[in-house]
Structure formats: C-alpha cells, structure tokens
Amino acid sequence: MRRLEGKVALVTGGASRPGIGFAIAKRLAEEGAQVILTDVDTSGVEESAAMIREMNLSATAMRQDVSLQADWDQVIERILTDFGRIDILVNNAGILDVGEIDSDGAVAGLKRQLSVNVEGVFMGTQAAVKAMRAASQGGSIVNISSVAGKVGFRGSASYAATKGAVKLMTKSVALETAAEGIRVNSVHPGIIRTNMAAEGLEENADNYAAIEAVIPMGRLGEPEDIANCVLFLASDEAGYVTGAEFVVDGGYIAQ
Ligand SMILES: NC(=O)c1ccc[n+]([C@@H]2O[C@H](COP(=O)([O-])OP(=O)(O)OC[C@H]3O[C@@H](n4cnc5c(N)ncnc54)[C@H](O)[C@@H]3O)[C@@H](O)[C@H]2O)c1
C-alpha cells in the first residue's frame with residue numbers, strides 16, 4: 001500500500017517549475033494522496049496539475065492568493081465539498097525580497113513578505129486546524145520555512161523575519177493541537193534549485209559555484225530533496241513528530 005493512500009492534501013504555491021510546491025505535490029500524489037495545488041498563477045498551477053494527472057495520479061488545481069482570508073475560506077470549502085476531508089496541508093507558497101536593512105523599499109518588501117509568508121501561513125494553518133478538528137481524524141500541517149528562519153544571512157533581514165515567525169508559530173500551534181493528533185512541523189530548506197533561487201542568484205553560474213563551494217555536500221538542493229522530507233512528515237510514519245524543525249540543506253548551517 002502506498003504511504004498516503006486515501007488522504008487528501010492541499011499544497012500551496014504549486015505553479016512554479018522547477019519549484020518546491022510542484023515537487024511536493026507530485027511526491028504526495030505518487031504515494032496515493034489526492035492532491036490539490038493552489039497558486040496565484042492560474043495557468044501555471046493548471047499546467048502543474050495536468051502534468052501530475054498525465055502520470056495517472058490525482059491532482060486538482062485551484063486559484064488562491066494565500067494572503068487573502070476569502071481565498072482560504074473558498075478553497076477549504078471547495079475541498080470539503082469535492083473531497084469530503086483534508087488530511088494534509090503544506091504551506092509552501094512564499095516570496096523572497098533580497099536587500100540589506102537600509103536599502104530602498106526594504107519596509108515595503110517586509111510588508112509584502114509578511115502578508116504572504118506569515119499571514120498566509122497563519123490563515124492556512126487556522127483554516128486547516130478548524131477543518132481537521134471538525135473531522136476528528138487528526139492531520140498533518142507542514143510549514144515551509146527556510147534556513148533563513150534559523151540563522152542570519154546578510155541581505156535577508158526581512159525574509160528571515162518572516163521565516164523565523166513561521167518556525168515559532170508552527171511550534172505554538174503544535175502544542176494547541178497535539179492531543180487531537182493534528183501534527184504541525186516546519187521544514188527549513190537550504191538553497192534549492194528553483195525559480196526563486198534563480199532570481200535570488202540572478203542565474204549567474206559563478207554565484208551558483210560560490211554557493212556550492214560552501215555547502216558540505218557540494219551541491220545545491222533539488223526540489224525533490226524537500227519533497228521527500230515533507231512526504232515523511234505528511235505520512236503516518238511521522239505519527240510521533242510534532243512541533244519539530246527539519247533542516248534539509250546538505251549540511252550548510254551545521255558549520
Ligand atoms: N528555493 C530555495 O532556495 C528556498 C530556500 C528556503 C526556503 N524556500 C521556501 O520554499 C517555498 C517554495 O519556494 P520555491 O523556491 O519553490 O519558490 P518559487 O518562487 O519557485 O515558487 C513559489 C510559488 O508560490 C507562488 N506564490 C507566491 N505568492 C503567492 C500567493 N500570495 N498565493 C499563492 N501562491 C503564491 C508563486 O506563484 C510560485 O508558484 C517558499 O516558501 C520559499 O520561501 C525556498
């Protein structure tokens with residue numbers, strides 16, 4: 001039997017390819033989950049879902065801006081109507097604004113990131129907890145933070161503020177829901193080869209080589225590296241795991 005047979009999973013930010021959300025959605029679907037992918041990029045998320053369906057797996061696309069309460073209400077209601085339950089939520093959608101503390105537009109960038117990376121994850125977690133509680137069948141919520149939510153990086157003060165917030169909101173909610181079997185954990189990717197990383201590194205081969213030189217495993221992460229960790233947390237194999245942080249970074253911040 002596949003590891004997520006019979007489960008219904010929502011993954012936000014599933015349009016980007018290569019992207020962490022798409023890789024997670026594909027991996028969960030491979031293990032038998034019925035996956036719903038959402039994104040602000042309507043055509044991109046439709047294509048992602050179609051690609052997963054082409055593998056004879058279950059995937060549905062919905063448009064959602066995670067920073068809007070109304071979109072959360074609508075998406076959760078539609079999932080409950082169409083699929084009858086929600087077992088797994090992966091709060092993956094996120095944005096990155098690079099710039100030192102005194103750069104132009106730093107405060108505006110902070111506010112943009114707070115609305116998606118913090119308010120979006122908060123509202124999503126709240127919506128999932130309510131639905132999971134109502135069903136009394138437990139559940140797993142996985143919040144995608146970052147290594148920037150654990151240690152400092154120059155030029156990442158605002159992004160780090162949002163990813164650190166994700167780490168600690170995760171633990172607090174985990175305490176509130178542990179007795180009901182609703183597990184809440186955070187995943188902290190290192191530098192993963194996606195569209196976001198390409199923008200951050202401006203697709204410059206020298207920048208990639210410089211990063212690889214400081215990663216103990218000698219390579220950037222692939223979206224599938226994150227997807228495999230999320231799969232474990234989403235599955236019943238992680239039944240005794242909650243409020244925990246999972247760093248997936250090739251040893252980068254162990255130094
Ligand atoms: N790539 C990395 O190196 C890295 C490292 C650490 C953490 N992360 C985190 O992993 C997650 C995924 O990152 P990625 O590299 O795949 O990024 P990406 O930019 O490639 O993809 C992010 C997706 O989120 C969507 N999105 C953005 N704002 C949204 C909104 N308001 N509502 C719904 N969808 C929205 C985008 O349209 C896009 O499809 C993010 O939370 C990111 O912060 C990435």
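The values are calculated or read from the model by the stated rules, or taken from the named source; none is laboratory data. In this text, all values refer to a predicted model and were calculated from it rather than measured experimentally. Ideal geometry is used to build each Cβ from the backbone, glycine not excepted, and the neighbour counts take in all protein chains shown.
Go through region 166-201 residue by residue and tally those that are within 12 Å of the ligand (Cβ to nearest atom) and either closer than 11 Å to VAL142 by Cα or not in a loop (DSSP other than H, G, I, E, B) (or both).
The total comes to 13.
Of the conditions (1) within 11 Å of the ligand (Cβ to nearest atom); (2) surrounded by 16 or more Cβ atoms within 10 Å (Cβ to Cβ); (3) of a type in the set (Val, Ile, Thr); (4) farther than 20 Å from ALA197 by Cα, VAL40 fails just one. Which one is it?
(4)
Yes or no: ASP236 within 14 Å of GLY190 (Cα to Cα) and modelled with pLDDT of 95 or more?
When the stated conditions are applied, ASP236 does not pass them.
Are any residues in region 53-94 within 18 Å of the chain's Cα centre (by Cα) and of a type in the set (A, V, I, L, M), and if so, which ones?
Hits for region 53-94 are ALA59, ALA61, MET62, VAL66, LEU68, VAL75, ILE76, ILE86, ILE88, LEU89, VAL90, ALA93.
Which of the residues belonging to region 54-106 are in a loop (DSSP other than H, G, I, E, B), away from the ligand (no atom under 14 Å from the Cβ) and either without any contact (Cβ under 8 Å) to a residue 24 or more places away in the chain or closer than 30 Å to GLU180 by Cβ (or both)?
Result: GLU54, ASN56, LEU57, SER58, GLY84, ARG85, ILE86, ASP87, ASP102, SER103, ASP104, GLY105.
Within region 133-143, identify whether any single residue is at pLDDT 95 or above, under 22 Å from ARG17 (Cβ atoms), part of a helix (DSSP H, G or I) and not basic (Lys, Arg), and answer yes or no.
Checked against the condition, which is being at pLDDT 95 or above, under 22 Å from ARG17 (Cβ atoms), part of a helix (DSSP H, G or I) and not basic (Lys, Arg), region 133-143 yields no hits at all.
Go through (1) buried (at least 18 other Cβ atoms within 10 Å of the Cβ); (2) away from the ligand (no atom under 11 Å from the Cβ); (3) closer than 19 Å to THR12 by Cβ for SER158 and report which single condition fails.
(3)
Looking at GLU119, GLU46, which one is of a type in the set (Asp, Glu) and within 26 Å of VAL247 (Cα to Cα)?
Values: GLU46 fails: within 26 Å of VAL247 (Cα to Cα).
After applying the criteria, what remains is GLU119.
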